[in-house]
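Participant: Pasting in a structure now, in structure tokens, and then I'll have a few things to ask.
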Amino acid sequence: MPRLVVTLTIFEAINCFVNVQAVVALLLLSGGCANVVPVLYSAVGRQTFMPEHLAVSVITTLGYSGILIGPAAWGFVAQNVNRPFALGSVGVLLIFVTMMGLMLPLALINGEPPK
């Protein structure tokens with residue numbers, strides 16, 4: 001069912017004469033997000049810092065919070081500053097997320113307790 005929704009959304013976007021670059025960007029973004037979620041849940045299963053049921057709840061809550069708060073925050077910034085700044089801030093935040101992912105202690109992922 002989700003694949004059907006995504007397919008219909010893309011089809012509708014193309015039929016509405018949306019810029020093809022925007023559709024390609026949407027495809028790349030959704031493909032990247034779809035690959036990150038299984039990796040996060042796999043890391044949650046391997047870590048020993050928190051009980052698994054609590055860690056899954058935390059990851060899920062953070063994910064849904066981002067889905068709910070992110071668009072409203074970007075709209076607020078775009079309305080009060082300007083749209084290029086709001087979209088640029090998304091890029092900066094994605095760089096920040098990448099850097100934090102690289103700094104993630106491997107001890108937590110490999111199941112060793114932190115020192």
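Please treat every number below as a calculation from the coordinates, not as lab data. Predicted model, so just to flag it, every value in this text is computed and none were measured.
Participant: Output wanted: per-residue J couplings in Hz (rounded whole) for segment 74-88, from phi through Karplus 6.51 cos²θ - 1.76 cosθ + 1.60, θ = phi - 60°, x for Gly and Pro.
Facilitator: Listing the rounded values in order: 5, x, 4, 5, 5, 6, 8, 10, 5, 5, x, 5, 4, 5, x Hz.
Participant: Suppose the chain between V36 and N82 were pulled fully straight at 0.36 nm per residue; how much longer would it get relative to their current alpha carbon spacing? Present the calculation step by step, with values, prior to reporting the outcome.
Facilitator: Numbers: separation 46, 0.36 × 46 = 16.56 nm, distance 2.96 nm.
Value of the extension gain: 13.6 nm.
Participant: For S89 and Y64 in one chain, what is 0.36 nm times their gap in residues minus the Cα-Cα distance, to one decimal in nm?
Facilitator: 7.0 nm
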